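Read the structure below first, then the notes.
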Amino acid sequence: MTHEIETMRMAQAMASHAARRQVLVSDNIARADIPGARARDLPAFADSYRLARIGERPTPGAAPGSAAPPPRPVERGGPLSPSGGNVSLEREMFALADVKSQHDMALTVWKKSLDLLRLSLGRNR
């Protein structure tokens, strides 16, 4: 039932996006000392979600219920180090803090949506 409620769907997409970003940023940190390593990240959640919603519209020949593919990682710009890479540990630490705030926001949206659903059903917490 909750997958049909738009705010629940959005909260799930936000959490999924934050999890995918966490993996990419962690991978960037792990590869920071490899010569030529390039930092990767995902497009902003709002852009990814908008494109996914457009992809959910029925198109001729599309399989029923087929969802848009998740966004592809993009190379993050930045100055190159002498080794030829552009991974900056400082920038990655800021990205990790941003990912945490995105995940916290997804959890807050989910919890508040559940509270509203319970309230509409006449149930208290």
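The values are calculated or read from the model by the stated rules, or taken from the named source; none is laboratory data. Small disclaimer: the values here were computed from a predicted structure and weren't measured. Cβ sites come from the backbone with ideal geometry, for glycine too, and all protein chains shown count toward neighbours.
Gln102 meets the conditions (1) modelled with pLDDT under 80; (2) polar (S, T, N, Q); (3) within 25 Å of Ala13 (Cβ to Cβ) in every case but one. The failed one is (1). For segment 35-50, does any single residue satisfy the condition of being of a type in the set (D, E, K, R), at pLDDT below 75, surrounded by fewer than 14 Cβ atoms within 10 Å (Cβ to Cβ) and closer than 18 Å to Gln102 by Cα? Yes, segment 35-50 contains a residue that is of a type in the set (D, E, K, R), at pLDDT below 75, surrounded by fewer than 14 Cβ atoms within 10 Å (Cβ to Cβ) and closer than 18 Å to Gln102 by Cα.
Conditions tested, residue by residue: (1) among the charged types (D, E, K, R); (2) part of a helix (DSSP H, G or I); (3) at pLDDT 95 or above; (4) under 30 Å from Ile5 (Cα atoms).
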{"site": "Gly77", "(1), (2), (3), (4)": "no, no, no, no"}
{"site": "Leu80", "(1), (2), (3), (4)": "no, no, no, no"}
{"site": "Val87", "(1), (2), (3), (4)": "no, no, no, no"}
{"site": "Arg91", "(1), (2), (3), (4)": "yes, yes, no, no"}
{"site": "Ala97", "(1), (2), (3), (4)": "no, yes, yes, yes"}
{"site": "Lys111", "(1), (2), (3), (4)": "yes, yes, no, yes"}
{"site": "Leu114", "(1), (2), (3), (4)": "no, yes, no, yes"}
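Among the residues of segment 71-91, those that are out of contact with any strand residue (DSSP E or B) (no Cβ under 9 Å at 6 or more places or on another chain) and among the polar types (S, T, N, Q) comprise Ser81, Ser83, Ser88. Every condition in (1) modelled with pLDDT of 80 or more; (2) in a loop (DSSP other than H, G, I, E, B) holds for Val25 except the one numbered (2). Contact map, segment 68-91: first residue under 28 Å from Tyr49 (Cα atoms), second residue buried (at least 16 other Cβ atoms within 10 Å of the Cβ) and at pLDDT below 80, Cβ cut-off under 6 Å, separation 6 or more or different chains; pairs are Ala68/Ala52; Pro71/Ser48.
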